[in-house]
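The structure under discussion appears below in the form of structure tokens.
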Amino acid sequence: ISFTCYNIENFKKKGVEKDKSLAEKSIALVGIMKILLLKRFESSIESLRVSLSNQKKFLEHFVYCLGQGKLLDTSSYRKYLCDDDSEEEMWEDLLKTLPEADPKKYEEKEIKRKVENDIQIITKLLEKIEPIGRDEDDKLIQFKKLLIENKGKKILVFSYYKDTTNYVFQALKG
């Protein structure tokens, strides 16, 4: 996954001045995004599923906005998700606030190609992990075995991610 949408500064056309500091920060952000995805996978299959689904939705909206001549960023997207207006009204308002994706400045075709490739990769990953339920989740199975082995003892479980906690709670409850 290239995370191109977080690295737009590096897709400016030759001859267009780049903000070098922003370009370097963007490259670092892409690395962080990859690490976060790995951490989500380490946390639970459900966390990975949630993260991939959310990323796919964002990328689909990113491509839509790019087609409208706009650049969607995650901050604006989060505001859109929290808005109570109708979806159509939200998009109209959101599109007005987004910066222009000036075709004279950006390699739009390359950006779109890379983002669509990310969508395809994420779709394939989601298809591969879709059949993995609680009964096939080796990590969860091993956790349940540890709980059974330590029945009657106090156990404290830490999780960095709320959706992992909910996933484990539902699995143990059901």
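In whole Hz, what ³J(HN,Hα) sequence does segment 130-146 give by Karplus (6.51, -1.76, 1.60; θ = phi - 60°), x for Gly and Pro?
3, x, 7, x, 4, 6, 9, 7, 4, 5, 5, 4, 5, 5, 4, 4, 4
Helix-only mean residue ellipticity at 222 nm, the chain, DSSP H runs n ≥ 4 weighted -39,500 (n - 2.57), per residue, nearest 500. What is it?
My calculation for the chain gives -21500 deg cm²/dmol from helical runs alone.
Please compute the Kirkwood hydrodynamic radius over segment 1-55, one decimal place, Å, based on all pairs of different Cα atoms.
Evaluated over segment 1-55, this radius sits at 12.4 Å.
For q = 0.16, 0.22, 0.25 Å⁻¹, what log10 I(q)/I(0) does segment 101-170 give under the Debye formula with an equal point scatterer on each alpha carbon and no solvent?
Per q value, in the given order, log10 I(q)/I(0) is -0.76, -1.03, -1.15.
As a test question: what accessible area, to the nearest 10 Å², does residue 106 have when a 1.4 Å probe is rolled over all protein chains in place?
30
Aspartates and glutamates near residue 162 by alpha-carbon distance under 17 Å, same-chain residues fewer than 8 away left out - which ones?
Filter leaves 42, 46.
So which aspartates and glutamates pass the test for residue 18, namely a Cα distance under 20 Å, with those fewer than 8 places away in the same chain ruled out?
Here the aspartates and glutamates satisfying the reach criterion relative to residue 18 are 9, 73, 100, 102, 107, 108, 110.
Given a 1.4 Å probe, how much area per residue of the chain is accessible, in Å²?
I get 68 Å² per residue for the chain.
Using amide H atoms built in the peptide plane, which far-off residues or other-chain residues are under 5 Å from residue 70 H to H?
Close amide H contacts, sequence-distant or interchain: 101.
What are the ³J(HN,Hα) values, in whole Hz, obtained from phi via the Karplus relation 6.51 cos²θ - 1.76 cosθ + 1.60 with θ = phi - 60°, for each residue of segment 109-125 in sequence order, with x given for Gly and Pro?
Along segment 109-125, the couplings run 4, 5, 4, 4, 4, 5, 5, 5, 5, 4, 4, 5, 4, 5, 4, 5, 4 Hz.
Enumerate the amide H contacts of residue 106 below 5 Å, restricted to partners 5 or more residues apart or on another chain; note that Pro and chain-start residues carry no placed amide H.
Under 5 Å from the amide H of residue 106 lie the amide H atoms of 13, each far enough along the sequence or on another chain.
Work out how far the C-alpha atoms of segment 6-136 reach from end to end along every principal axis, then list the three figures in whole Å, largest first.
54, 36, 22
Could you check how much of the accessible area of the chain is carbon and sulfur, as a whole percent, using a 1.4 Å probe?
Carbon-and-sulfur percentage of accessible area, whole number: 55.
With θ set to phi - 60°, apply the Karplus curve 6.51 cos²θ - 1.76 cosθ + 1.60 along segment 6-14 and write out the HN-Hα couplings as whole Hz, x wherever there is a Gly or Pro.
9, 9, 4, 4, 7, 10, 6, 5, 4
The values are calculated or read from the model by the stated rules, or taken from the named source; none is laboratory data. Everything quoted here is computed from the prediction, not taken from an experiment. Please note that ligands, DNA and RNA were not included when accessible areas were found on the heavy atoms of the full protein model with its side chains. Shrake-Rupley method; radii C 1.70, N 1.55, O 1.52, S 1.80 Å.
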